[in-house]
1. Where does each of 3-9, 25-31 land if you order them by average Cβ count within 10 Å, highest first?
2. Residue by residue, what Karplus-based ³J(HN,Hα) values in Hz, rounded to whole numbers, does segment 85-90 have, using 6.51, -1.76 and 1.60 with θ = phi - 60° and x for Gly and Pro?
3. For the chain, what are Rg and Dmax over the alpha carbons, in angstrom?
4. Starting from the Cα-Cα distance between residue 79 and residue 66, subtract it from 0.36 nm times their residue separation and give me the gain in nm to one decimal.
5. Ranked from highest to lowest mean number of other Cβ atoms within 10 Å per residue, what is the order of the peptides 109-116, 16-23?
6. For residue 28, which sequence-distant residues (separation of 5 or more, or a different chain) have an amide H within less than 5 Å of its own amide H, given hydrogens modelled in the peptide plane?
7. Could you give me the ³J(HN,Hα) list for segment 171-176, computed from phi with Karplus coefficients 6.51, -1.76, 1.60 and θ = phi - 60°, whole Hz, x at Gly and Pro?
8. For segment 12-21, in order, what is each residue's ³J(HN,Hα) by Karplus, 6.51 cos²θ - 1.76 cosθ + 1.60 with θ = phi - 60°, in whole Hz (x at glycine and Pro)?
Amino acid sequence: MRQYTIGTGTLFIREGDITRLDIDAIVNAANSRLAGGGGVDGAIHSAAGYMELQGACRAIIDEIGSLPAGEAVITPGFKLPAKNIIHTVGPIWRGGGQDEPRKLRNAYLNSLKLAAENGLRTIAFPAISCGVYGYPVEDAAHIALSALKEGLEAGLVGEAGMVLHGQPAYELWCSVADEVV
Ligand code: ADP
């Protein structure tokens, strides 16, 4: 685990399974229909309780239609140790000319803002868009860590960080953090 002090807050980077964190909120890399899926979304649904979480997601989708890339919504954590789940949608990588960097940055910043609006102080993110959505990981890490730094500097939350799946991903994100933070 790496930690960096930013203003009065802390940015952390750790390796592991995000569903195991006992924290105010974990972030889900969801799809626009909040329909569940594979990757981290599937792991979060399994650990939270599929039916309960899908019930909450369906209620949101009934109201808003779909969640555009870069936006975020919140549900309870149900059976997770985390108290809440913030669902955000990262951009699908289509070569970089479709506004992907701005959408990815917004996914992080809007999740942090939603946490702040709900009085949450600690939040952990997975590597949004870095799985099946195909975002080049080093570029994604620069965007993500800059956004977390900005959110911490603004005092949106007290503690924000990344949970990376696997040692190679962890090491890459640490080396980017040493540049960005
Ligand atoms: P996306 O569709 O946004 O690309 P994915 O779920 O396919 O989302 O992948 C996002 C990242 O989450 C990937 O880097 C993947 O390795 C990671 N991941 C998958 N399961 C977990 C987990 N349980 N905890 C933390 N990260 C995870």
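Each value in this text was obtained by applying a stated rule to the coordinates, not by laboratory testing. From a predicted model like this one, the values you see are computed outputs, not experimental measurements. Note that each Cβ is placed from the backbone with ideal geometry, even for glycine, and that neighbours are counted across all protein chains shown.
1. In descending order of packing, they fall as 25-31, 3-9.
2. 10, 9, 9, 10, 10, x
3. 14.8, 42
4. That pair, residue 79 and residue 66, stretches by 2.2 nm at full extension.
5. Working: 109-116: 21.5, 16-23: 17.4.
Descending packing order for the listed peptides: 109-116, 16-23.
6. 86, 87, 88
7. For segment 171-176, the Karplus curve yields 5, 5, 5, 5, 5, 5 Hz.
8. With the stated coefficients, segment 12-21 comes to 10, 10, 9, 9, x, 9, 4, 5, 8, 7 Hz.
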